[in-house]
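K.L.:
Got a structure for you, written out below as structure tokens; questions coming shortly.
The values are calculated or read from the model by the stated rules, or taken from the named source; none is laboratory data. Keep in mind it's a predicted model, so treat the numbers as computed, not measured. So basically every Cβ, Gly included, is an ideal-geometry build from the backbone, and we count neighbours across all protein chains shown.
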Amino acid sequence: MEKQETPRQKKINTVLQQEIASLLQEAIRKGSVSNLMVSITKVHVTADLSIAKIYLSVFPNDTALNYFENIKNSSFQIRHDLSQRMKNQLRRIPELKFYLDDSLDYIETIEKDLSNGENPIKISYNDGKQRKNKH
């Protein structure tokens, strides 16, 4: 059972989400990268505020892994820049852990299957049933 977030955690989640999104957008503009969109879908801070899990969505999908790895490798610099921005709001900046959020891809796959007249739930059920029968 997951513990409910405190009001303070919720506020910190929101502020971190806005500030990190702003930092990433500035970095994209400075790097003159075109056709790239990075958005922060969720931020979860632990109860002791020591770790922040940041979920990213990167578009276009074909280059998402490459950009995601670059962001992960730059987490120390992002944390440093974040501490400079938030030094009057937070005493200690949590360790940043980045995760790729693929929920939009999942939704897109389901919509594509539904538009083709297939039932994705029935397909996965039948696949599981066939696997059971083979064993």
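K.L.:
Scan the stretch 9-23 for residues that are of a type in the set (V, I, T) and surrounded by 18 or more Cβ atoms within 10 Å (Cβ to Cβ) and jot them down.
P.N.:
Listed by number, the residues that qualify are I12, I20.
K.L.:
Moving on to the next point. Do any helices (runs of 4 or more DSSP H) entirely within the stretch 35-135 hold 2 or more residues that are at pLDDT below 90, and if so, which?
P.N.:
Fully inside the stretch 35-135 and qualifying: 64-73, 103-115, 120-134.
K.L.:
May I pose another question? Within the stretch 24-31, identify whether any single residue is at pLDDT below 95 and assigned to a loop (DSSP other than H, G, I, E, B), and answer yes or no.
P.N.:
Checking the stretch 24-31: at least one residue is at pLDDT below 95 and assigned to a loop (DSSP other than H, G, I, E, B).
K.L.:
I've got another one for you. Of these, L49, L56, which one is on the phi > 0 side of the Ramachandran plot and surrounded by 13 or more Cβ atoms within 10 Å (Cβ to Cβ)?
P.N.:
Going through L49, L56 in turn, the sole match is L49.
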